[in-house]
Amino acid sequence: MNASFAPTIRHDWTRAEILDLFAMPFSDLMFQAQSVHRAYFNPNEVQVSTLCSIKTGACPEDCAYCPQSARYDTGLEREKLMAVEKVIEEAKAAKASGATRFCMGAAWRSPKNRDMPYVTTMVKGVKALGLETCMTLGMLDENQAQELASAGLDYYNHNLDTSPEYYGEIITTRTYQDRLETLANVRKAGMKVCCGGIVGMGEEESDRAGLLQQLANMSEHPESVPINMLVKVGGTPLESEADLDPFEFIRTIAVARILMPKSHVRLSAGREQMNEQTQAMAFLAGANSIFYGEKLLTTPNPEANKDMQLFNKLGIKPEAYEVHEDESEQEAAIVNKLQEAAMDSLFYNASK
């Protein structure tokens, strides 16, 4: 961290200013992004998360990129809500593999009230392991957001996906305002926000600038900003979309770092298609968070050992997450949470 250079945190970026950043010579843009990054972060540390799909498929939304939509025939097998005990096992494995944050995703438009006791029990159990917790469950009302916050959820993920102007080309079953209202409910409940988008969906550079403008001009920047490269899945409307130039992807990472200096910028979906050099350039552009493991919800992710091999080549280490309970206290807390939850009743059909 470089305390002598601390860029001003702004929330008033214009579209023209952001497009000017995109238009910078590549080396100048990378230098500026790296300078901003070093002002707030150790440039050789990356936050490591693992993502677990706790309920897969049968989502009623029509997001054009998503294999979990019930509207598309992608060959994805629908699965019921995962038992809490199984989620805790997955979280233990993630921690053993080096993850510090465990993210749980469910293919819902929004959780039903009957779902909330199950997901809050998951949060408590994972927290007891000494991991940060994150969930993505779709839209939340104020009461649901407060329930999750009371259970100890650290982060809630709800992406904007693209610019307001291009949004209707990708999704029609919920509005941009719906997404903003969920994020407002998350903030009001006191949780941290994980919010970003997807590039390579046929949008223009102005749309990538528009997405970042929405994020950077929030009253509080999202603590975590995932930048996803479209993973094209057969059966979805975007299966034949042209590939985005990797340099445009790197520019998006770099501009996100400049606009949101204190946020973790996550190199997220699409890493399976990136070679080591592209990933290294993304870290140089200011990405300092990844999903780690073999699967990112329902699409491939680089194998964990490959990630560690790349980290070793680059001199990168996982960012530490401090906890204050010893192992015995954590284990006792997990046992208590599972006993309270009556585990034999925690597996039910959440797709109804």
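The values are calculated or read from the model by the stated rules, or taken from the named source; none is laboratory data. Quick caveat: nothing in here was measured; it's all calculated off a predicted structure. Backbone-built Cβ (ideal geometry, glycine too); neighbour counts: all protein chains shown. We work out accessible area using only protein heavy atoms, side chains counted, and drop any ligands, DNA or RNA first. Shrake-Rupley method; radii C 1.70, N 1.55, O 1.52, S 1.80 Å.
Structural remarks
- Counting only residues that are closer than 27 Å to Thr120 by Cβ and free of Cβ contacts under 8 Å to residues at least 40 places away in the same chain, the stretch 153-176 holds 3 of them.
- Meets criteria (outside any loop (DSSP other than H, G, I, E, B), open to solvent by 60 Å² or more (accessible area, probe 1.4 Å), free of Cβ contacts under 8 Å to residues at least 60 places away in the same chain and of a type outside the set (Phe, Trp, Tyr)) for Glu90: yes
- Matching residues in the stretch 100-116 - criterion: being free of Cβ contacts under 8 Å to residues at least 60 places away in the same chain and more than 23 Å from Cys63 (Cα to Cα): Phe102, Asn113, Arg114, Met116
- Residues that are open to solvent by less than 30 Å² (accessible area, probe 1.4 Å) and in a helix (DSSP H, G or I), drawn from the stretch 132-168: Gln144, Ala145, Leu148, Ala149, Ala151, Tyr167
- Close pairs from the stretch 236-253: first farther than 14 Å from Pro67 by Cβ, partner aromatic (Phe, Trp, Tyr) and part of a helix (DSSP H, G or I), Cβ under 7 Å, at least 6 apart: Phe247/Phe26; Arg251/Phe22
- Of residues in the stretch 19-63 being of a type in the set (Asp, Glu) and not in a helix (DSSP H, G or I), the one surrounded by the most Cβ atoms within 10 Å (Cβ to Cβ): Glu61
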